[in-house]
Amino acid sequence: MDQVFRIAEIERSQAAGERIVGLFRYEGYDRGKRGPTLIMVADIASSLYAYEQLLDTLNEAAEQTRRLLAAYEGDPMARFEKLVQRLNEAVATFVEREPTAIAWNRVNLFLMEFQDGMLCVTGTGRLSNMFLQKQDDGGWKGFDLFGSLEQPTDIDPKKPFASFICGDIKQGDVLFAGTQNFEALRGDLKIAENLKTLPPVTAALEIKQELDRRDLADDFAALVAWVSPATREEKIEAVEEAGKSTRSVEKMYSREQETEGVLSPAVRTPKTAATLVGVFADLTARFKQRRAKSSDPVAVAGMRTTAAGMGSTLTVKRKRQLIAVGAVALVLLVGGLWFQSSQKAKAEQAFWNSMFDQATDRKTQAEANIVYNNDTRANQLVKEGRDLANGLDEKTNGRRDAKEKILGEFDELAQKLRREVTVENPPEIAAASLGAADGSLGTVSAAAGAVYATDAVANQLIEVKPATRETKRHNLPENAGRIVASWPGASGIYLLNENRRLFVFNQTNATFTEVSWTQSKVSSTKAFAVYGRRFYMLDTASNMVWRYAPSGSGIAQETAYLKQNSTSLADATGITVDQNVWLSFRDGTVRRYSQGADDGFALPVIDPPLTNASAIWTDDVSNLFVVADTAGKRVLVFRKDGRLIVQYKSPVLTGPISVHADRDAKKIYVADGNKVYQFDLPNP
């Protein structure tokens with residue numbers, strides 16, 4: 001044993017019981033030998049007792065199975081497969097006997113087993129995770145490890161852990177796994193940066209201390225796992241164990257029988273409950289038994305030989321007694337049924353009230369989070385509250401009215417969280433030449449109080465000063481061709497054509513000059529951006545962002561900016577640069593690259609979802625970035641921590657294709673169809 005797993009835990013409990021969060025660790029030992037380490041991370045969006053019972057069931061099953069498999073020394077994947085099978089069986093048994101239905105969309109559970117450099121994972125739901133794989137060149141490659149699990153759309157309650165994956169972790173690799181609320185704080189907590197630059201224990205401590213400094217009213221649980229060389233004592237222990245002959249399979253079955261004999265409950269016939277119905281049934285059974293005995297031919301014959309008048313036990317006196325007993329039993333039975341029905345109705349109403357109170361509590365918390373601009377948490381609370389409210393029955397008019405009212409309030413909160421602003425008639429800044437086909441107006445950019453757009457039909461660059469609406473049209477060079485991208489720079493407005501030729505427009509003397517461009521590796525130019533004096537070219541064909549530096553009157557020094565990227569850039573649509581490189585994609589995602597590597601940034605889910613991003617803008621001063629959504633016919637403004645600030649909609653928008661902003665003028669300019677419109681750039 002040359003290397004072993006080390007695990008650092010991050011836990012913080014501050015919430016008031018609105019969700020169940022936990023990290024459970026099971027250390028494997030068999031007769032002094034270190035075994036696998038099993039860890040379960042739970043993040044359940046409910047505090048109902050049924051979910052606590054579910055966790056207890058999984059804990060008991062994991063502990064029992066760990067003991068059953070302690071003697072097994074074969075393939076770790078086979079051992080983990082048996083563990084997953086046992087957990088599924090335990091959950092299936094629990095679901096069958098549990099009266100409260102489990103809402104699996106609220107359950108996020110993942111189990112990880114570490115041993116001998118191998119990690120096995122299974123789970124259901126979604127948790128924050130980051131697997132950083134150390135590369136030979138010293139860089140890092142990031143993976144969404146939990147996202148690699150195949151999970152069905154509809155969870156099977158009898159098999160919630162539908163799949164598992166196993167693989168090795170090498171020395172230098174680091175795994176971070178935690179509750180969902182870490183996802184919104186990835187950037188603020190600098191999780192990736194800490195894991196890449198600090199020793200794992202120090203990184204975990206730094207993340208925990210940052211959580212403490214922020215004093216967030218929420219529960220957090222996470223782990224940091226890595227591989228490191230074994231100590232001298234651990235190596236000696238491994239050598240001693242290696243010298244012992246074992247029969248792992250026989251030991252496993254032997255231990256299984258032994259453990260199940262101790263842990264499995266004995267099968268006993270259940271005792272009848274002492275209810276009124278039970279008492280009455282017992283009396284009836286005894287009466288039938290006596291009648292059967294009196295009608296038995298042998299018994300009757302014997303009694304007749306004793307004395308006259310003893311041929312039947314049902315004398316007049318006994319009949320009267322039985323009638324009286326029966327009447328009393330009937331009254332007790334009816335009364336008992338009424339009492340049970342009354343108690344059931346009270347319990348049902350109490351349960352309804354409890355669910356309604358929980359939904360109301362979610363609404364109150366969501367309102368507070370909206371006030372403090374915590375949209376991610378507010379969205380989660382609205383979803384939880386709406387799910388609770390939708391589960392309420394409508395057996396009475398009062399229940400129906402209360403349910404409709406609280407669902408309406410959740411709809412109002414969801415509307416606020418959309419941050420939707422409709423602008424009926426945004427100012428029109430520029431338009432393509434008269435009679436031009438739709439889509440003739442191309443890229444838009446802004447600099448020095450002016451807005452620039454290209455007119456493909458007229459082969460002109462349109463210059464507009466929004467303050468005075470003064471408009472000028474400048475004829476593009478004859479060899480300019482179709483312009484596909486533009487960006488302001490130190491020397492003027494740079495224009496890139498479809499044949500990878502670069503031009504600059506001098507704003508002072510209104511002249512165009514072709515810029516010499518030393519290029520040998522670039523294959524395509526979808527978009528570009530200028531940051532300082534450097535040029536960043538998006539090459540979708542080569543799956544690369546190329547960086548260039550000024551050289552005389554042109555640009556040169558072609559270098560590959562991306563050093564680590566597991567995402568295809570084939571569908572990338574736009575690029576912008578501050579200290580980082582931001583890329584927009586056709587599927588609506590936005591990725592951020594820091595020092596050439598994807599730092600794990602992801603936009604939160606918004607309503608309606610962002611499914612198409614055609615262009616993106618930001619700069620190194622603003623704390624905002626702007627995205628044009630062609631399919632959604634809107635313009636969205638986000639803060640750089642991912643929070644949605646506003647989404648602009650307008651009946652005049654048909655599909656924005658290009659966007660730029662003037663930070664000083666606090667305006668956004670959008671090319672849409674054959675026109676350029678103006679919107680306000682909000683405060684961050």
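The values are calculated or read from the model by the stated rules, or taken from the named source; none is laboratory data. Since the structure is predicted, the reported quantities are computational estimates derived from the model, not experimental observations. Reconstructed Cβ throughout: ideal geometry from the backbone, glycine too, with neighbour counts over all protein chains shown.
What to note about this one:
- Among strands (runs of 3 or more DSSP E) entirely within region 583-684, having at least 2 residues that are over 25 Å from Thr525 (Cβ atoms) and in contact (Cβ under 8 Å) with a residue 40 or more places away in the chain singles out 634-639, 644-649, 675-680.
Residue by residue, here is whether (1) at pLDDT below 95; (2) closer than 28 Å to Gln180 by Cα; (3) surrounded by fewer than 16 Cβ atoms within 10 Å (Cβ to Cβ) holds:
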residue: Ile575; (1), (2), (3): no, no, no
residue: Asn612; (1), (2), (3): yes, yes, no
residue: Trp617; (1), (2), (3): no, no, no
residue: Ala631; (1), (2), (3): yes, no, yes
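- Candidate set from region 494-543 (those that are of a type in the set (D, E, K, R) and assigned to a strand (DSSP E or B)); member that is nearest to Gln564 (Cα to Cα): Asp539
- Residue in region 582-594 that is over 20 Å from Ala529 (Cβ atoms), at pLDDT 95 or above and among the hydrophobic types (A, V, I, L, M, F, W, C) present: no
- Filter pass, Ala490 being crowded, with 19+ Cβ neighbours inside 10 Å and either touching a residue at least 40 places away in the same chain (Cβ under 8 Å) or within 21 Å of Thr576 (Cβ to Cβ) (or both): no
- Cross-chain or 6+ apart pairs with Cβ under 8 Å, region 133-145 first and farther than 20 Å from Gly123 by Cβ, then surrounded by 16 or more Cβ atoms within 10 Å (Cβ to Cβ) and of a type in the set (S, T, N, Q): Gln135/Gln564; Gly139/Gln564; Trp140/Gln133; Trp140/Gln564; Lys141/Gln133; Lys141/Gln564
- Condition met for Lys465 (within 30 Å of Glu384 (Cβ to Cβ) and surrounded by 13 or more Cβ atoms within 10 Å (Cβ to Cβ)): no
- Strands (runs of 3 or more DSSP E) wholly inside region 416-483 containing at least 1 residues that are charged (D, E, K, R) and modelled with pLDDT of 90 or more: 420-422, 428-431, 450-455, 460-465, 470-475
- Glu394 being assigned to a loop (DSSP other than H, G, I, E, B) and of a type in the set (D, E, K, R): yes
- For region 82-105, the criterion of being among the acidic types (Asp, Glu) and surrounded by 18 or more Cβ atoms within 10 Å (Cβ to Cβ) is met by no residue.
Let's see how each residue does on (1) touching a helix residue (DSSP H, G or I) at 6+ places or on another chain (Cβ under 8 Å); (2) within 26 Å of Phe535 (Cα to Cα):
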{"residue": "Trp617", "(1), (2)": "no, yes"}
{"residue": "Val627", "(1), (2)": "no, yes"}
{"residue": "Phe638", "(1), (2)": "no, yes"}
{"residue": "Leu644", "(1), (2)": "yes, no"}
{"residue": "Gly655", "(1), (2)": "no, no"}
{"residue": "Asp680", "(1), (2)": "no, no"}
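- Residue pairs meeting the criteria (Cβ under 8 Å; at least 6 apart or on separate chains; first among the hydroxyl-bearing types (Ser, Thr, Tyr), in region 157-182; second in a loop (DSSP other than H, G, I, E, B)): Ser163/Leu149; Ser163/Glu150; Ser163/Gln151; Thr179/Leu127; Thr179/Asp219
- Condition check for Cys120: more than 16 Å from the chain's Cα centre (by Cα), surrounded by fewer than 19 Cβ atoms within 10 Å (Cβ to Cβ) and either in a strand (DSSP E or B) or among the aliphatic types (A, V, I, L, M) (or both): no
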